[in-house]
Amino acid sequence: MSSQDYDCIVIGAGVQGSFTAYNLAKNNKNTLLLEQFVLPHSRGSSHGQTRIIRKAYDEDYYTHMMEECYQLWTQLEKEANVKLYRRTGLLVMGPEKGDYQVFKSTLERNKVPIVILPREEFSQHIPHVNLSQGNAALVDTTAGVLYADRTLKTVQGQFQKLGGMIKDGQKVIDITPGSVVTVTTVSGMYRAKHLVITAGPWANTLLSHTGLQLPLQVIKINVCYWREKVPGSYNIQHRFPCFIQLESEEAKHHIYGLPSNEYPGLMKLCYHTGPETDPDERDRQTDRGDIDILQRYITRCFPGLVPIPAVVESCMYTVTPDNHFVLDHHPTHSNIVIGAGFSGHGFKFGPIIGKLLCELSQGEVPSYDLSPFRIRRFQAHSKSAL
Ligand SMILES: Cc1cc2nc3c(=O)[nH]c(=O)nc-3n(C[C@H](O)[C@H](O)[C@H](O)COP(=O)(O)OP(=O)(O)OC[C@H]3O[C@@H](n4cnc5c(N)ncnc54)[C@H](O)[C@@H]3O)c2cc1C
Ligand SMILES: O=C(O)[C@@H]1CCCC=N1
């Protein structure tokens, strides 16, 4: 068994761990990125072809973080000479009196360029979509699609070019906290002054070695692709946007979609929740209640799609009680930093999360106010052991 010393070890090579390792290497830290599966893999939360990037949020702090984050995405594209983002705009639809107004106000307050679509003009701008009764619509024109698998390959490659070390197929089985942290994997033992845990759905499994449990729920998402009745109706090249249908009486969670692009003739359209699962038993979870909700929605609002999923892939969310991230030091071991609970909306933030977790692990003042993301907000929660 080998034993090696690093400035920092990052556990988990999903989007957040990969961007964290990349930032550490940029800061000349001798960094090891450990991943349980052989890379690339499709067993966590960051795999797949695409994700939505947007500034449309109901809290100012996410919109603020996205300002810099867009710049960091562009910087990485230039640095690696690769295209990771395609602008499409994001159509936001929702009951006029609900959360829609909060999204609209946040966008307006932060001067994000938007286009309001009055009901009478809606179909002229967005063909093949029926706006639900009582719903209003706007477009966040800065939004678009991120190429997810390509992002991971790029950021891991850049990390290695900077001298970073990736060891995949190395499941971490033990962590011994201390002024030097010892991390044991199935085939090695590594030591570092700092540790960052970005283990996605396995966060609590790893944190159990450090005496901490967070109130995280792991959810399986059926990633559904639906066939266009007329090929091209919802295509990215025909400038069809990404969309979010905010929760309503009929669907208690968002429904969201991306234009047909990665699989010709198929549009990705998903429900923003699903059944709870053990991350190691994801494929034994076969609940398809979400698909029933999507079928009813598609029949009513997307009449140009066949309401039977053509492809169903699997992914997982790791959800906190308030849907906000966890970005913090371990409460008892300050040289351990945790990035967890990205609650199904963390991919777009990857570059900024990487920067923040790097800052936290190096004892620097973080670039943003991290109070919404602190562990102590869970103090009243029964599942947390603080
Ligand atoms: C279907 C779906 C759609 C989404 N859509 C969007 C979107 O449109 N926009 C957006 O911004 N976000 C979106 N998200 C959310 C986003 O993808 C996640 O927030 C993000 O990928 C979480 O990344 P992560 O690095 O925390 O987790 P992961 O990607 O799961 O990475 C954690 C890694 O840690 C590794 N690991 C765990 N335990 C160990 C161990 N013991 N030893 C070594 N390695 C270990 C895992 O194998 C894994 O590779 C979506 C998510 C899903 C599932
Ligand atoms: O984060 C995103 O943009 C997507 C779409 C809305 C629901 C969750 N993920």
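The values are calculated or read from the model by the stated rules, or taken from the named source; none is laboratory data. If you're wondering where the values come from, they're calculated on a predicted model, not measured in any experiment. Heads up, the Cβs are rebuilt from the backbone with ideal geometry, glycines too, and the neighbour counts pull from every protein chain shown. Only protein heavy atoms, including side chains, enter the accessible area calculation; ligands, DNA and RNA are left aside. Shrake-Rupley method; radii C 1.70, N 1.55, O 1.52, S 1.80 Å.
Name all residues of region 50-81 having a backbone nitrogen under 17 Å from the label point set 7 Å from the Cα of N110 along its Cα→Cβ direction, giving them as ranges.
52-74
How do K83, K29, K55 stack up against each other in accessible area, from largest to smallest, with a 1.4 angstrom probe?
K83, K29, K55
Quick one: accessible surface of T286, probe radius 1.4 Å, all protein chains present, in square angstrom to the nearest 10.
The value for T286 is about 100 Å².
Want the number for E59 to H41: 0.36 nm per residue separation, take away the alpha-carbon distance, what's left?
Between E59 and H41, full extension yields an extra 3.2 nm.
What residues of region 245-277 lie in the reach of a label at E313, counting those whose backbone N is under 15 Å from a point 7 Å from the Cα along Cα→Cβ?
Under 15 Å, as judged by backbone N against the label point of E313, lie 257-271 of region 245-277.
Separation of region 319-386 and region 101-167 by C-alpha centroid, Å?
24
Where does the charge balance sit around R43 when Lys and Arg score +1, Asp and Glu -1, over other residues with C-beta under 11 Å from its C-beta?
Here the charged neighbours net out to -2.
Can you tell me how much longer the chain between E364 and Y263 gets when fully stretched, taken as 0.36 nm per residue apart minus their C-alpha distance, in nm with one decimal?
32.0 nm
Step through the table entries K78/K104; K153/K355; K55/K171; K78/K167; K78/K220, compare each Cα-Cα distance with 30 Å, and write down the pairs that go over it. Walk me through the numbers on the way to the answer.
Details: K78/K104 32 Å; K153/K355 18 Å; K55/K171 35 Å; K78/K167 26 Å; K78/K220 34 Å.
In this structure, K78/K104; K55/K171; K78/K220 exceed 30 Å between Cα atoms.
Working out 0.36 nm times the residue gap between N30 and R86, then minus their Cα-Cα distance, what length gain in nm do you get to one decimal?
16.8 nm
Given a Förster distance of 35 angstrom, what is the FRET efficiency for D168 paired with N323, based on the Cβ-Cβ distance and rounded to 0.05?
After rounding, the FRET efficiency stands at 0.70.
Would you mind checking the tilt of helix 15-26 against the longest principal axis of the Cα atoms of the chain, expressed as 0 to 90 degrees and rounded to 10?
50
With a 1.4 Å probe and all protein chains in place, put M189, M316 in order of accessible area, largest first.
M189, M316
What nm distance separates the two modelled labels at K229 and R376, each placed 7 Å from Cα along Cα→Cβ?
Roughly 5.7 nm, to one decimal.
How many Å² of accessible area per residue for the chain, probe 1.4 Å?
For the chain, the per-residue accessible area is 42 Å².
Evaluate the charge dipole of the chain about its Cα centre and quote only its size in Debye, nearest 20, assuming +1 on the Cβ of each Lys and Arg and -1 on the Cβ of each Asp and Glu. It would help to have the intermediate numbers written out before the result.
Details: 39 positive and 38 negative charges, 132 e Å.
It works out to roughly 640 debye.
So if we plug the beta-carbon distance of T299 and E68 into 1/(1 + (r/R0)^6) with R0 = 41 Å, what FRET efficiency do we get, rounded to 0.05? Don't jump to the answer; show the numbers that get you there.
Numbers: r = 41 Å, r/R0 = 0.99.
Using R0 = 41 Å, I get an efficiency of 0.50.
How much of Y368 can a 1.4 Å solvent probe reach, expressed as accessible area in Å² and rounded to 10?
Its accessible surface works out to 50 Å², give or take rounding.
As a test of reading the structure, rank S179, S343 by solvent-accessible area (1.4 Å probe, protein chains only), most first. Write out the running numbers ahead of the final one.
Working: S179 105, S343 0 Å².
Reading off the accessible areas and sorting them downward yields S179, S343.
Computing the accessible area with a 1.4 Å probe over protein heavy atoms, can you report the carbon and sulfur percentage for the chain?
50
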